[in-house]
Structures are given as C-alpha cells and as structure tokens.
Amino acid sequence: MAISSVLIFTTIFLALLFDFLNGFHDAANSIATIVSTRVLKPHWAVLWAAFFNFIAFLFFGLHVATTIGTGLIDPHVIDTHVILSALLGAIVWNVFTWYYGLPSSSSHALIGGLLGAGIAHAGLAPLEWWGIIKVFSAIIISPMLGMVLGLLLMFLAARLFFYTPPQKIESWFRRLQFISSAFISLGHGSNDAQKTMGIIAILLFSAGYLGDKFYVPLWVIVTCNFVIAMGTFFGGWRIVKTMGMKITKLKPLGGFCAETSSAITLFLATWLGIPVSTTHTITGAIIGVGSLHGASAVRWGVARNIVWAWVLTIPASGLVAAIMWWVLR
C-alpha cells in the first residue's frame, strides 16, 4: 500500500512536470507573434501570457480533460504504470524537441504516450476509436483552420484599411495585439492545462480516490493552470525564435490576425472537447497571414521541418512510452 501511494504521488509529480514543460515548450508559441512584432519585450510577453494561462480555468468547461481521461482508452483498464509510462514517453520527446528547437506538440506527445502505454498494457481492445479519430482529425484540421482564418482576417483587414496611413495601422494594431495575445493565452491555458488535469484525474480514478464517477477535483484544476503558467513564465526562447521570426516576418496587423485566428480555433476545439496544439494553430495562422503577400513571403523549408516534427510526435512518444511500460513491468 505504501509503495502504491509513493508511485501515485511520483506519477502526479511527473504529470505536473509535464505540465510545466508544456508551458515551457508550447506556450512560448502564444507569445511568438507579439515578440516578433516588437509590441512587447520577451520578459513582459511571458508574464502577460502566464497570467492569462492561469486564469483560463475561470472561462471554460472541462471537456478536454474528460476526453483525455475517458475518451481515448477505457478508463477501467488504465493503471498507475500506464499513466507513468505515458508521461515518461511524452517528457522524453518534449525534451528532445526542445533541445533541437523543434516546435512539436506537447499535447500530441502526451496522447501518443497514453496510446503507446495503453496498447502495451492491454492491446487494441480498450481503445476508444471515436475519440482517437477526433484527435487525429484535429491534427490536420487545426492548422488548416488557423491558416484559412489567418488568411481571411488578413485579407479583410487589408481591404478595410487600404487607404489608412501605415503609421496609424501600426499604432492601432500594436494596441490590439495585447487583446489578441491575451485570447491565445487563454485558449492555450484552457486546452493544454486540461490535458494534465485529465491525466491526474484518471490516475486518481483508477486508484479509487474519486469513487465510482470520474471527475476533475478543484485542486487539480487550479494546480495545473498554475504550473503551466509558471512554465510559460520561464519560456522557451528557441521556439519563440522559430515560430515568430523564421517562418515569416510579421507586423502588428499580421500578428493580430495570426493570434486572433489561432484563438478562435483553440476556443472552438476546447468547447468541442478536442485536445489540439497551440503550436499547430499558430503555425497555420502565421503561414496563412504570410501567404497573402505571396508564397515567397513564407519560408517553406522551416514549415516543412515543423510538419515532420508533428508527423513523428505521436508514434515516437508512443514507442518511448511502450518501452517505458515494459521496463517498469
């Protein structure tokens, strides 16, 4: 019993470590545009984003946490070893991609880890295929939606302000970027923190701490949002540079359009209970905004490297998680 409790507390600690790394690794993407347009200096931008990451739980339900906890694998076959292995697989992949400055998805690393450990533990039978189809569809749809919305918003803004002096446009949208960056930070805090909430809640449920009904305790909600905010505060500067400066050059108008389209995508996904990646949506939106100026305005080589990182995330983290499960057993 004592060993079991220690294992559970160790797994919760690792889940919160993953949450912190998620903020460190992924949330930097939510400040990339506001930094690259020089509306805020990096240290003020991460503080701004961290605040809105933390308060996100006040505005959204817990649909994503429920999907992670019960919508991918039958919760009755999940045990502490599965959760621990899933977290180790996701953390190893996160650290690897952070080290090389690749903006992969912490979200999908966690999903890949959970699926890999679950399959190693119980095979394919307990998989919830409808939830898995939703997640895999979102991998394609979320960046595409971000790109289309970014292109559309940029086109409408260009038409609307065609005769407005550039100095006025820059002044207006420098102020508006404070709002759009707050929105994308809210979207990130709501969608990404809920993934860790779902992991901790299903761990507590499988250990019998929640009774017969799955739910997310309040202390888990507040703790996860606080930890991801701390990860955001300490930032991931290599990835900020890649997202905000290497893909395409942005001005405040473009930054506003990219952030707003990303935020809309994140809000919609959270409402539908679909775990998506801030990295996916902001990358798609930046490409959409840049492509309005012509294909040459986008550095497609960087975008191609990012896509490869996305493709590899779920199978790579799943494989690491499966190996971890075999080692732990």
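The values are calculated or read from the model by the stated rules, or taken from the named source; none is laboratory data. Keep in mind that what you see is a predicted model, and the values were worked out from it rather than measured. Cβ sites come from the backbone with ideal geometry, for glycine too, and all protein chains shown count toward neighbours. Heads up: the accessible areas ignore ligands, DNA and RNA and are worked out on the full protein's heavy atoms, side chains in. Shrake-Rupley method; radii C 1.70, N 1.55, O 1.52, S 1.80 Å.
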If you plug each phi of region 83-90 into the Karplus form 6.51 cos²θ - 1.76 cosθ + 1.60 with θ = phi - 60°, what whole-Hz ³J(HN,Hα) values come out, in order, with x for Gly and Pro?
5, 4, 5, 4, 5, 4, x, 5
Under a crude label model (7 Å from the Cα following the beta-carbon direction), how far is residue 77 from residue 222 in nanometres?
3.7 nm
Here the FRET efficiency for residue 152 versus residue 59, based on Cβ atoms and R0 = 22 Å and rounded to 0.05, is 0.35
Taking only protein heavy atoms and a 1.4 Å probe, what accessible area per residue, in Å², does region 86-201 have with all protein chains in place?
44 Å²
In whole Hz, what ³J(HN,Hα) sequence does region 129-145 give by Karplus (6.51, -1.76, 1.60; θ = phi - 60°), x for Gly and Pro?
5, 5, x, 5, 4, 4, 5, 5, 5, 5, 4, 8, 6, 5, x, 5, 5
Rounded to the nearest 10, the angle in degrees between the Cα long axis of helix 106-122 and the longest principal axis of the Cα atoms of the chain comes to 20 degrees
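Might you report the magnitude of the Cβ-based charge dipole of the chain about its Cα centre, with Lys and Arg at +1 and Asp and Glu at -1, to the nearest 20 debye?
With only Lys, Arg, Asp and Glu charged at Cβ, the dipole is about 1260 debye.
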Hey, rough spin-label estimate for residue 164 and residue 125, points 7 angstrom out along Cα→Cβ, what's it come to in nanometres?
6.2 nm
With the Cα gyration tensor of the chain in hand, give its eigenvalues times 5 under a square root as the equivalent ellipsoid semi-axes, listed largest first in whole angstrom.
36, 19, 17
Between 140, 111, 228, which gets the highest mean-square fluctuation from a Gaussian network model of the chain, Cα cutoff 10 Å?
140
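Could you sort 189-196, 163-170 so that the peptide with the highest average Cβ count within 10 Å comes first and the rest follow in order? Kindly include the intermediate steps, with their values, before the conclusion.
Numbers: 189-196: 30.4, 163-170: 10.5.
The densest-packed peptide leads the list: 189-196, 163-170.
Heavy atoms only, probe 1.4 Å: what % of the accessible area of the chain goes to carbon and sulfur, would you let me know? Please list the in-between numbers first.
Values: 10450 of 14120 Å².
Looking at the chain in its full context, I get 74 percent from C and S.
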Under 19 Å between C-alpha atoms, the lysine pairs in the chain lying 8 or more places apart or on different chains count 9
